[in-house]
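Here is the structure we will look at, set down as structure tokens.
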Amino acid sequence: MLTMEQVHNIKYLFKFKGKTLRGIARETGHHFNTVKKYVEKENFNLEHNPGKLRVRKLAPYIDLIDSWLEADLHAKPKQRHTAQRVFDRLKEQFPDFDISDRSVRAYVSKRKKGIGLTQEGHLPLEHPPGEAQIDFGAAQFIEKGVLYDGHYLNLSFPYSNGGYLQLFKSENQECLLEGLKTIFEHIGKVPTHAWLDNASTTVSKIRKNGERDITKGFARFMLHYGFQSNFCNPDSGHEKGHVEGKVGYHRRNFLVPIPEFDDLKKFNKILLEKCDADMNRKHYQKPHLICALFAEDKAAMDKLPEVPFEVYRLEPVKVDKYGKVRYENKLYSSSPEYAGKNLWLKVGAYDVEVMNQEYRTVVQHPRLYGQQNESMIWGPYLKLMVRRPAALKYTGFFKQLPSTIQDYFDKCDYTEKRNSLKILLTMLQTADMAAAEAAFAESCRRETINSDSLLAIHNRLNTYLPEDNFQNTAFKLPEVQKYSTNFRAYDLLLKGGEQPWKQ
């Protein structure tokens, strides 16, 4: 509540000095809405306060209400009583309760202030063009038939009310940076400032004086793109309230119903296009389209760096006796030749690249999340098996093949074993192990244990050719009469043959 002197000063600056509402807000330090309220206010009569009457009516219930609110001092903020909840509980416990909810709200608000439950007043942030806010939300999605408890990165622009999202299987640092990089490259610009919370992906420690120790990965990303970060105070998500609103908006409009697709990267490109189209609507306060205001946002932003930022984490790993490495309790294959040696993992948001000591790629895997525990790329192992088909059955690698494929090779001789291993290697270059396993199973069912038939079956199964089903006929086929060719006419044409005109 402002004093009369403060209200008078606001009126004076507006009416006699010709100042704008925002100009008055900057000069006086009052919020814009406060300035607007008193500039427009015309009735300054004394207002009668019925608060004492409300308290007298609530008197029989005050001790109970106070006990509920005092107990809230030991509860988490999101599980404390709201005024509405207090009113509802009173109605439940006292059927003859006839006091208005407005009276209950007035008392609860006053009592919360008295015992320190009321949150500090929020200072809404005025964002100029070019600034952004960052936050993650949670949402499920289905990729290739597998359900994931995913997370989506939201980058919002408070000035224009524009926003973008990118969907991931986690909210780790690689996903954060990959999402920001993709959005920056899509819009062709970089925000001047970004507001975000104190997640472990960006802040490693908050010091007593409020300074942050920024994680090395995020610090390098900031330096590369040249933007400044403003971190919210702990437990003060309202300081980036715009993006928190966008988190809900994006989920309702782009992630309901649960999205289902085959490729997450391709779906994320579709999301960017949908966000572009979504800006062709009017701003909720300003008399302009969001896309027009976003053009002002972009004009105030910085240009992209000439060299793209490569998002990854480099980790040293030790290879086990099967040629596999472990990262985040997930197994990734490398190659049997590296068993027992040290390698490097180049870990991105979508992929994990296994590299040797010279940083050359050995194999590249999709990064595992959720219930996925192992990724196996068979190429390096099969190349070794092709060189030693006779010893195939006794290798540890053979025992890791699906049982259907093991059964097939148990029925092969040396030559077919070698040829079929080559065919399996070819299959895995164009399809996955599940498709290969289906071809081997069908070959065993047909009892066609040879590499040519195996390849033909695999091609048919993966190109959707009609199946060559042979059916027995229910009737007896007619016998075909034997036909003998008379070659006498041909003999007449040969030298020495019979000449009809001499007869």
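Observations, loosely collected:
- Here the stretch 409-453 and the stretch 279-327 have alpha carbon centers that stand 43 Å from each other.
- Computed FRET value (nearest 0.05) for Ile142 with Ile62, which takes r as the C-beta separation and R₀ as 60 Å: 0.70
- With each label modelled as a point 7 angstrom along the Cα→C-beta vector, the Tyr483-Glu27 pair spans 11.2 nm.
- Contour excess over end-to-end distance, with Cα ends at Asp407 and Tyr359 and 0.36 nm allotted per residue: 13.5 nm
- Nearest-20 debye value, the stretch 313-377 charge dipole, Cβ charges on Lys, Arg, Asp, Glu: 120 debye
- Straight-distance crosslink candidates among lysines, where the alpha carbon sits under 17 Å from Lys399 and sequence neighbours closer than 8 are dropped: Lys321, Lys324, Lys383, Lys411, Lys417
- Environment charge of Tyr322, counting only residues whose C-beta is closer than 15 Å and scoring Lys/Arg +1, Asp/Glu -1: +4
- Normalised by the number of residues in the stretch 313-377, the mean separation of alpha-carbon contacts (under 8 Å, six or more apart) gives a relative contact order of 29 percent.
- Residues whose amide H lies under 5 Å from that of Ile214, counting only those 5 or more places away or on a different chain, are Ser204; hydrogens are built 1.01 Å from N in the peptide plane.
- Relative contact order of the stretch 51-115: 42 percent, from C-alpha pairs under 8 Å at least 6 residues apart in sequence.
- Other residues with beta-carbon under 11 Å from the beta-carbon of Val354 carry, at +1 per Lys or Arg and -1 per Asp or Glu, a net charge of 0.
- Summarising the label geometry, the points placed 7 Å from Cα in the beta-carbon direction at Lys282 and Asn450 lie 7.6 nm from one another.
- Length-normalised contact order for the chain - Cα pairs under 8 Å, 6+ apart - percent: 9 percent
- Extension gain for the segment Ala431 to Arg80, taken as residue separation times 0.36 nm less the Cα-Cα distance, is 120.9 nm to one decimal.
- The calculated 222 nm mean residue ellipticity attributable to helices in the chain amounts to -12500 deg cm²/dmol, summing -39500 (n - 2.57) over DSSP H runs of n ≥ 4 and dividing by all residues.
- Burial ordering of Met376, Met427, fewest other beta-carbon atoms within 10 Å first: Met376, Met427
Read-outs: derived from the displayed coordinates by stated rules, not from any lab. Note that the coordinates shown come from a computational prediction; the quantities given were computed from them, not determined experimentally. Virtual Cβ from ideal backbone geometry, glycine too; neighbours counted across all protein chains shown.
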